[in-house]
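Enquirer: Got a structure for you, questions after.
The values are calculated or read from the model by the stated rules, or taken from the named source; none is laboratory data. Computed from a prediction, not measured in an experiment: that's the story for all the values here. Cβ atoms come from the backbone with ideal geometry, glycine included; neighbour counts cover every protein chain shown.
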Amino acid sequence: MSLLKVDNVTFGYSSGKSVLAGVSLDIGPGDTIGLVGESGSGKSTLLRLLLGLTRPNSGSISFNGTALDPRNAQFMRAYRRQVQIVFQDPYSSLDPRQTVLSIVAEPLRSLKIAGDHRQMVMEALVSVGLEPTILGRYPHEFSGGQRQRIAIARAIVAGPSLLLADEAVSALDLSTRIRIVELLKQLSASMTLVFVSHDIGVVAALCEKIVILEQGRIVESGDTKTILANPQHPYTQRLLASVPRMPA
Amino acid sequence: MSALLDIKQLSLHTENVRLLYGVDLTIAPGERVGLIGESGSGKSLTAMAATGLLPTNIRASGSITLAGRPVIDASEHQLNLLRGTAAAVVFQEPLTALDPLMRIGRQIAEPLRRRAARDGQRLSGTELDAAVLAMMGDVALPDPERIARAYPHEISGGQRQRVAIAMALACKPSLLIADEPTTALDVTTQAEILCLLDRLVRERNMALLFISHDLPVVAGIVDRVVVLRQGEVVEAGPVHQVFAHPQHAYTQSLVAAAHAFDTALGAVP
């Protein structure tokens, strides 16, 4: 059975054309899936729908067989415990006035999870490659890559089964980017990862499955290696041909 | 042949922070040089220094010669004569580089008019309009008449960057400085803009200083690279040599990271 099922979802704002049209996705437990698209492809809208922040105009999204519905408060609370997100910009996603302990423990507080929060935060920090001794420090004391590690620690501290990442490495320098990709890859062994990015190279390095979005439609999806080796849709072909490569 | 841009032992300081230290960078007429570095390496500052656009709280030492004239400590009047004719800049984010309240046609007309005046010509309104449309044609903007009447927010990011390139080229500079010109663009648009820049620089026999953190992008457009790290040059040389046999550990880590993403993508389809 799929963990997250997107069934024929359409979404649009009242004024204009649809942002997503007939999107269907099947995300199984343990999958590492990359949603790739350029500006206007609808990838961020799809992510909002997956978080349950917005409801589709038609079609449905279900988690473990139950449809996401903001009116079903009890289920949404349980869902929020299972799903966490990492954002693009580690400079704006961490509260500058809070300590690392307070930032990383935030999901534990808001989800009212019992236990020794300090201990759980220290374990999360270790699993993202940070020293547990940084608990009392503030975001400005860290580099971009370290901040993104703190954001990832916050996302995994409550033990989610699904991790969403929205352009989570796009704001990072190349040498930092590769290390965060390696960290996410390592974490994806124990949870499902949905990684949204415009960068097909990063998705290729991280995700076993890939979904290519163009103007609100899925043009191609499947096993990453297969699609990269033999892209069928003209848009996927153009996207791949556009990626600059190192000289041979 | 003497260098078009000659930066020798350039150091930049604020009150208490060292930003750039002992940077050497030379560009010959028609040469294409890439300046590579990660955030905070000082690559944009180097470009700003070359055109005399440094903030007033930054002190410079060493020497910068652009088209045979000194840049450091030059007066604003002397610098204005150099800017445009000797060097023009295309910035990363075309939306902030363009005036949001001015129609595209007028923004391109301004540098064209100034350049003509500098050459001792006075263009009539009709001549200027024709020159604007010709310039827009050169950067392959579709439907030039419509876009000339549009405001920056009414056109796409790629089209805005074409406008910014048209404005830089309108100055007929000997050196085009492009500071991360495609970083804000989608990858398919980036490919088009790189192709355009490459063609225009060759056709007009301009020199190019291409600033970027993206190694494969740089590899495709320049002959020589200079690698900056924390304000110091760690390595410089022909692009193929530096990328194939990086000597400094830092360059090696950058090249390895770039190759890792390339390898994941597999062969070009």
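Enquirer: Of a type in the set (Ser, Thr, Tyr) and under 23 Å from B:Asn205 (Cβ atoms) - does that describe any residue in region B:5-24?
Expert: The first filter runs over region B:5-24 and keeps only residues of a type in the set (Ser, Thr, Tyr), leaving B:11, B:14, B:21.
Of the ones still in play, those that are also under 23 Å from B:Asn205 (Cβ atoms) are none.
No, region B:5-24 contains no residue that is of a type in the set (Ser, Thr, Tyr) and under 23 Å from B:Asn205 (Cβ atoms).
Enquirer: Next up: What are the residues in region B:172-207 that are more than 24 Å from B:Ser156 (Cβ to Cβ) and in a strand (DSSP E or B), if any?
Expert: Result: B:Leu175, B:Ala207.
Enquirer: Would you pick out the residues in region A:170-179 that are under 22 Å from A:Glu38 (Cβ atoms) and outside any loop (DSSP other than H, G, I, E, B)?
Expert: A:Leu174, A:Arg177
Enquirer: Now for a different question. Here are some conditions: (1) within 12 Å of chain B (Cβ to nearest Cβ); (2) among the charged types (D, E, K, R); (3) surrounded by 20 or more Cβ atoms within 10 Å (Cβ to Cβ). A:Lys209 meets all but one. Which one does it not meet?
Expert: (1)
Enquirer: Examine region B:65-79 for a residue that is surrounded by 19 or more Cβ atoms within 10 Å (Cβ to Cβ), in a helix (DSSP H, G or I) and not basic (Lys, Arg), and state whether such a residue exists.
Expert: Scanning region B:65-79 turns up no residue that is surrounded by 19 or more Cβ atoms within 10 Å (Cβ to Cβ), in a helix (DSSP H, G or I) and not basic (Lys, Arg).
Results for (1) modelled with pLDDT under 95; (2) closer than 19 Å to B:Thr96 by Cβ; (3) small (Gly, Ala, Ser), shown as yes or no for each residue.
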| residue | (1), (2), (3) |
| --- | --- |
| B:Pro144 | yes, no, no |
| B:Arg160 | yes, yes, no |
| B:Pro181 | yes, yes, no |
| B:Thr189 | yes, yes, no |
| B:Val242 | no, no, no |
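Enquirer: Which residue pairs have Cβ atoms under 8 Å apart, sit 6 or more places apart or on different chains, and have a first residue in region B:112-126 that is surrounded by fewer than 16 Cβ atoms within 10 Å (Cβ to Cβ) and a second that is small (Gly, Ala, Ser) and outside any helix (DSSP H, G or I)?
Expert: The qualifying pairs are B:Arg114/B:Gly84; B:Arg118/B:Gly84.
Enquirer: Restricting attention to region A:52-98, report how many residues are closer than 17 Å to A:Ala155 by Cβ and hydroxyl-bearing (Ser, Thr, Tyr).
Expert: 4
Enquirer: Something else now. So which residues in region B:229-265 are closer than 21 Å to B:Leu194 by Cβ and more than 10 Å from chain A (Cβ to nearest Cβ)?
Expert: Passing the criteria: B:Pro238, B:Val242.
Enquirer: For B:Gly34, only one of the following conditions fails: (1) more than 14 Å from chain A (Cβ to nearest Cβ); (2) crowded, with 18+ Cβ neighbours inside 10 Å; (3) in a strand (DSSP E or B). What is its number?
Expert: All conditions pass for B:Gly34, except number (1).
Enquirer: Going through B:Leu101, B:Leu141, B:Leu176, B:Leu123 one at a time, which residue ends up being more than 14 Å from chain A (Cβ to nearest Cβ) and within 19 Å of the chain's Cα centre (by Cα)? Let's see the steps before the verdict.
Expert: On the way: B:Leu101 fails: within 19 Å of the chain's Cα centre (by Cα); B:Leu141 fails: within 19 Å of the chain's Cα centre (by Cα); B:Leu123 fails: within 19 Å of the chain's Cα centre (by Cα).
Only one candidate qualifies: B:Leu176.
Enquirer: Quick one: how many residues across region B:244-259 are farther than 20 Å from B:Arg224 by Cβ and surrounded by fewer than 19 Cβ atoms within 10 Å (Cβ to Cβ)?
Expert: Going through region B:244-259 one residue at a time, the tally reaches 4.
Enquirer: Here are some conditions: (1) farther than 28 Å from B:Arg224 by Cα; (2) loosely packed, with under 15 Cβ neighbours inside 10 Å. B:Gly22 meets all but one. Which one does it not meet?
Expert: (1)
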